[in-house]
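Participant: Structure provided below as structure tokens; questions to follow.
The values are calculated or read from the model by the stated rules, or taken from the named source; none is laboratory data. Remember, predicted model here, so these are calculated numbers, not experimental data. Every residue, glycine among them, receives a Cβ derived from its backbone with ideal geometry; neighbour counts consider all protein chains shown. These area figures cover heavy atoms from the full protein model, side chains too; ligands, DNA and RNA do not enter into them. Shrake-Rupley method; radii C 1.70, N 1.55, O 1.52, S 1.80 Å.
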Amino acid sequence: MRVAIVGSGFAGSLLARILAVQGHGVALLERGTHPRFAIGESSTPLANLTLERLARRYGLGDCYDLAAHGRWIARFPELRRGLKRGFTFYRHHAGRPFANAGLRSERLLVAASPNDHVADNHWLRADVDHHFVRAAIQAGVEYRDRVEVTPDTLKALHVDFVVDASGPGGFLARQLAIPSRLNRMHTHAGLLFSHFDGVRLMPDVVPGLPAGPYPDDWAAVHHIIEEGWLYSLRFDDGVTSAGFLLRDRVPGAPEEMWRHLLRRYPTIGALFGDAKPLFPLSYKPRIQHRLARATGPGWAMLPHAFAFVDPLFSTGIAWSLRAIERLALSFENGSVPSERDLARYEAQLSGEADQIDWLVAGAYHAMARFDLFAAQAMIYFATVSFAEVNQRIHRRRSRPVADPAAQPRARDRGRGPRSHQRHPRDLPSPRAHARGPARVRQLGNQEHRTQKCLRPCEPCDPRSLPRRFGHARAAPCGARHEPRVARQRSSRAPGLMIRVLYSRK
């Protein structure tokens, strides 16, 4: 079967490679060239679990190594990345420096790994996307860049199916005139962003902060302000990806907006005051988008071509990888995904877009009070913690359907342990796999029933939060909360540890 994938970011390139490994003919079409600047850089434990499943199922040893910080450095030191030990949050107030009140500070730390070796990563997308394109080409994908895709382009390629991985307002949205459903989204924010050199560390600007479960800056750092929030993702080479998510536009050009916000929040100004942008600052008035459809006869979209909400909880990479896994499964029978498969895939994307939107909108609603925001954030962290534990437990037991990588190949049933359960480096090469494409038994309703515990987040209603958490005695002032989920960990399983430090004002 012949498949065209429009867009060669990491998601499009990885799906193209997997389909080539399955034995399909794949054309990967790109309007620009690589390497190129991109944002959307913060991975999570759920994203890495999916990457490891894809590695085991399709013999992608590089994906296995890219799923943990220590393995990444050992095998791909040339691919730039950043250590991510967890999620860090600070609440800033206009005109006042961040108040170091010890354990009473408006500071929240959520640790996602016990050490650096098994930690998550920030992906420097220029390097990572380029790597996935090169790997796709080596797997036999036909790659074309500087291509403006048209219906005639696809007709000349004689394709049977098209996957749109081109992002918002992409090829299929234009060609099929798919209506927008942006009006159903509750999150509204613009983005002011760039990459910077010379960003200072928080302990250097606010000395004396109590030690947390990891160094504050080696995480996805969130500076919450009255207008929205600022993300700060530090790469190992000292470059920092940063951007303000703003509910309303600040007057002026992007550079003027940036300077105004640094002056308004003294501690953020101290962190970024001497930093130099490596690219001109850019501003997008609204980053949210949503379409009415994600699939149709002969076509499907990856998540970010269909919808995008906000980077607040780093759901983007995990969502894309999960969608790749679903689509790859639907192609394994050697034919175009069935109407039923596509309908289920679209329903999953639509439900997850709603869930992320409600979660993030609730967090924006709660930002005025840090204790309320922390309670809202715990909805996300508790849910993904359960999902991670569930997936790891299933993988260690009898490998039920919750781990799609564990499904036996038709030719392997009844033959004892399968070779592809070993470390990916011991597997046949992708080209060898492509010579004999696998035919895996259909997962059907069993796979559908596992989706609840594989989603990146679960729904929440921000309108209910003031009623649930708004009472003045909801938590004692200055209380230190340390909910923790801990268990035995192997070097292959980063595990999960949550530690929360925050207080009410």
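Participant: Rg to Rh ratio, the range 63-211, alpha-carbon atoms and Kirkwood radius?
Facilitator: On the way: Rg = 22.1 Å, Rh = 20.5 Å.
Result: Rg/Rh = 1.08.
Participant: Another question, if that's okay. Which part of the range 294-312 falls in the paramagnetic zone of A177, meaning amide N under 19 Å from the point 7 Å along Cα-to-beta-carbon?
Facilitator: Residues 294-297 fall inside that zone.
Participant: Solvent-accessible area per residue for the range 173-265 at a 1.4 Å probe radius, Å²?
Facilitator: 41 Å²
Participant: In a shell of Cβ-Cβ distance under 13 Å around A270, excluding A270 itself, what net charge do Lys and Arg (+1) and Asp and Glu (-1) give? List each step's numbers first, then the result.
Facilitator: On the way: positive: R96, R200, R263, R264; negative: D204, D274.
Local net charge: +2.
Participant: Highest mean first, what order results for 84-90, 96-102, 220-226, 15-21 on Cβ atoms within 10 Å? All intermediate terms of the calculation are to be shown ahead of the outcome.
Facilitator: Working: 84-90: 25.0, 96-102: 14.9, 220-226: 22.0, 15-21: 29.0.
Going from most to least packed, we get 15-21, 84-90, 220-226, 96-102.
Participant: If you don't mind, there's one more thing I want to ask. As a test question: what accessible area, to the nearest 10 Å², does W258 have when a 1.4 Å probe is rolled over all protein chains in place?
Facilitator: Rounded to the nearest 10, the figure is 20 Å².
Participant: Measure off, as a whole percent, the carbon and sulfur share of the 1.4 Å-probe accessible area of the range 272-396, all protein chains present. Provide the component values of the computation, followed by the final result.
Facilitator: Values: 2350 of 3910 Å².
After summing per-atom areas, the C and S share lands at 60 percent.
Participant: Specify the inter-centroid distance of the range 38-55 and the range 149-209, based on alpha-carbon positions, in whole Å.
Facilitator: So the two Cα centres are separated by 17 Å.
Participant: Place the peptides 61-68, 291-298, 236-243 in order of packing, highest mean first, counting for every residue the other Cβ atoms within 10 Å and averaging per peptide.
Facilitator: Going by the mean number of other Cβ atoms within 10 Å, highest first, we get 61-68, 236-243, 291-298.
Participant: Across the range 116-127, in residue order, what do the Karplus-derived ³J(HN,Hα) couplings come to in whole Hz, using 6.51 cos²θ - 1.76 cosθ + 1.60 with θ = phi - 60° and x for Gly and Pro?
Facilitator: Each residue of the range 116-127 in turn: 5, 4, 9, 6, 6, 9, 8, 8, 6, 4, 4, 6 Hz.
Participant: Can I ask one more? In whole angstrom, note down how far apart the Cα centers of the range 255-313 and the range 219-250 are.
Facilitator: Answer, in whole Å: 9.
Participant: Amide H of H289 versus every other amide H placed in the peptide plane: which residues, excluding those fewer than 5 positions away on the same chain, fall under 5 Å?
Facilitator: Close amide H contacts, sequence-distant or interchain: F308.
Participant: Right, something else. In a Debye calculation with equal point scatterers on the alpha-carbon sites of the range 62-123 and no solvent, what is log10 I(q)/I(0) at q = 0.26 Å⁻¹?
Facilitator: The calculated log intensity ratios at q = 0.26 Å⁻¹ are -1.00.
Participant: Follow-up. For the range 184-251, rounded, prolate or oblate, judged on the Cα gyration tensor with a ≥ b ≥ c (square roots of eigenvalues), a/c < 1.5 rounded, else prolate if a/b > b/c?
Facilitator: Prolate, since a/c reaches 1.5 and a/b exceeds b/c.
Participant: Note down, for the range 1-106, the three equivalent ellipsoid semi-axes (square root of 5 times each alpha carbon gyration tensor eigenvalue), biggest first, whole angstrom.
Facilitator: 37, 18, 13
Participant: Can you tell me which of 321-328, 44-51 comes out highest on packing, and rank the rest after it, using the mean Cβ neighbours within 10 Å?
Facilitator: Peptide ranking by packing, descending: 44-51, 321-328.
Participant: For all pairs of alpha-carbon atoms in the range 270-384, what percent lies in each bin of width 5 Å, listed from the first bin to the last filled one?
Facilitator: Going from the shortest bin to the longest, the percentages are 2, 10, 16, 16, 15, 13, 12, 7, 5, 2, 1, 0.
Participant: Of H394, H289, which has the most accessible area and how do the rest follow, probe 1.4 Å? Please report the intermediate quantities before stating the final value.
Facilitator: Working: H394 55, H289 30 Å².
Greatest to least solvent exposure: H394, H289.
Participant: Would you please give the residues with an amide H less than 5 Å from that of V26, counting only those at least 5 places away or on a separate chain, with H modeled from the backbone geometry?
Facilitator: Under 5 Å from the amide H of V26: V3, E142.
Participant: Sticking with this structure for a sec: Please turn the phi angles of the range 334-339 into ³J(HN,Hα) values with the Karplus equation 6.51 cos²θ - 1.76 cosθ + 1.60 (θ = phi - 60°), one per residue in order, whole Hz, x for glycine and proline.
Facilitator: x, 10, 4, x, 6, 4
Participant: What is the sum of charges, Lys and Arg at +1 and Asp and Glu at -1, for the other residues whose Cβ falls under 13 Å from the Cβ of G296? Present the calculation step by step, with values, prior to reporting the outcome.
Facilitator: Details: positive: R293; negative: D164, E339, D341, E346.
Around G296, the charge tally is -3.
Participant: Name the aspartates and glutamates eligible as straight-distance cross-link partners of K155: C-alpha to C-alpha under 19 Å, and not fewer than 8 places from it in the same chain.
Facilitator: Correct list for K155: E30, E142, D145, D164.
Participant: To continue, here is another question. What are the residues whose amide H is under 5 Å from the amide H of A38, where those residues sit 5 or more places off or on another chain and H is modelled from the backbone?
Facilitator: It is R125, A126, by chain and number.
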